[in-house]
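The values are calculated or read from the model by the stated rules, or taken from the named source; none is laboratory data. None of the values given here were measured: they were computed from a predicted structure. Neighbour counts are summed over all protein chains in view; Cβ atoms, including those assigned to glycine, are modelled from backbone coordinates with ideal geometry. Surface accessibility is based on the protein's heavy atoms, side chains included, excluding ligands, DNA and RNA. Shrake-Rupley method; radii C 1.70, N 1.55, O 1.52, S 1.80 Å.
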Amino acid sequence: MQLPAHVRRWCTLVDTLLADALFPPTARAGRVRTRGTLPLHIRTEVRSGRDVIILSTYKDPHISEAVCALKFDKDEAAAQLLARLLDDFLYEELADRHHLYSEKIACVPIPLGEKRLVERGKNQIDRILEQSQALRDAEVPIAHLLVRTRDTSVQSTLSKQARYANIADAFAVSSTHTPFPYKTVYLIDDVVSTGATMNEAARTLEASGLRVLALAIAG
């Protein structure tokens, strides 16, 4: 049984207070927590030959700090803030798709490699999606359809050409999710740059017959 929204908020608050008592937040996380909202700048851009819906601008210091506070400081308040940014887009988007197209949609986070998952404790995309009220309201499932076939180098340290080679054939569809009952999925990442990772992950899903809508929190 799903808990009411106000109960979940109180549980999250208690968890945050307990975590802060044991592990005081970093200065970066502290700054993020003073912000009630993040700037939304929705646009669709072509990255690596693929249309990607991008919700905000990573060069905005408020956005980049929130992303880094979540990714490196494991700050749940940053996850909530980024989830609200995602919700600003999803509420209308999901309603339109349901009423106009009667589409059933799932969200697929781009997975981390095993080494990076151990370092971070949890995929930062999962943290955002789990805080999304829009997904809960629309009963959109979070489906871990993709797995990493190998660890890869950090994309941001590589040249544009090297990124394609680094990520090539790095994903596979999880056998635990076949057959999959949905035809359309949102493939979600936190930050898109060249789009090499997003494109490779989408290509893998499309090879299984899925329609992929690529979405990034920032870019």
How large is ³J(HN,Hα) for each residue in segment 183-191, as worked out from phi by the Karplus curve 6.51 cos²θ - 1.76 cosθ + 1.60 (θ = phi - 60°), to whole Hz, x for Gly and Pro? 9, 10, 9, 8, 8, 10, 10, 7, 9
Quick one: putting +1 on the C-beta of Lys and Arg, -1 on the C-beta of Asp and Glu, what dipole do you get for the chain around its Cα centre, in Debye to the nearest 20? 380 debye
Under the Kirkwood approximation applied to all pairs of distinct alpha-carbon atoms, what is the hydrodynamic radius of segment 166-216 in Å? 11.5 Å
Ordering K122, K160 by how much accessible area each has at a 1.4 Å probe, largest first, what is the list? K160, K122
For segment 93-176: relative contact order, % (alpha-carbon pairs under 8 angstrom, 6 or more apart): 32 percent
Note to self, the chain gives a 222 nm [θ] from helices alone (DSSP H runs n ≥ 4, -39500 (n - 2.57) apiece, / all residues, nearest 500) of -14000 deg cm²/dmol
For segment 63-143, compute Rg over Rh where Rg is the Cα radius of gyration and Rh is the Kirkwood radius from the inverse mean 1/r over Cα pairs. 1.02
Radius of gyration and Dmax for segment 141-186's Cα atoms, expressed in Å? 13.6, 38
Length released on extending from A168 to L117, taking residue separation times 0.36 nm less the Cα-Cα span: 16.4 nm
Mean shadow area (nm²) of the C-alpha convex hull around the chain is 12.7 nm²
Run the dipole for segment 43-147 about the Cα centre, Lys and Arg Cβ at +1, Asp and Glu Cβ at -1, nothing else charged, and hand back the magnitude in debye, nearest 20. 440 debye
Stretchable slack from F72 to T34, in nm (0.36 nm times residue separation minus alpha-carbon distance): 11.9 nm
Antiparallel versus total DSSP beta bridges in the chain: what percent is that, nearest 5? 35 percent
Per the charge dipole of segment 82-219 (beta-carbon charges, Lys/Arg positive, Asp/Glu negative, Cα centre), the residue among A83, Q131, A202 reaching farthest to the positive end is A202
Using the Karplus curve 6.51 cos²θ - 1.76 cosθ + 1.60 with θ = phi - 60°, what ³J(HN,Hα) values do you get for each residue of segment 84-90, in whole Hz, with x for Gly and Pro? 5, 4, 4, 4, 4, 8, 6
Within the accessible area of the chain, what % is carbon and sulfur when the probe is 1.4 Å and the other protein chains stay in place? 56 percent
H144 - accessible surface, heavy atoms, 1.4 Å probe, Å² rounded to 10: 80 Å²
Rounded to the nearest angstrom and ordered from largest down, what semi-axes does the equivalent ellipsoid of segment 49-105 get from its C-alpha gyration tensor (root of 5λ)? 27, 14, 9
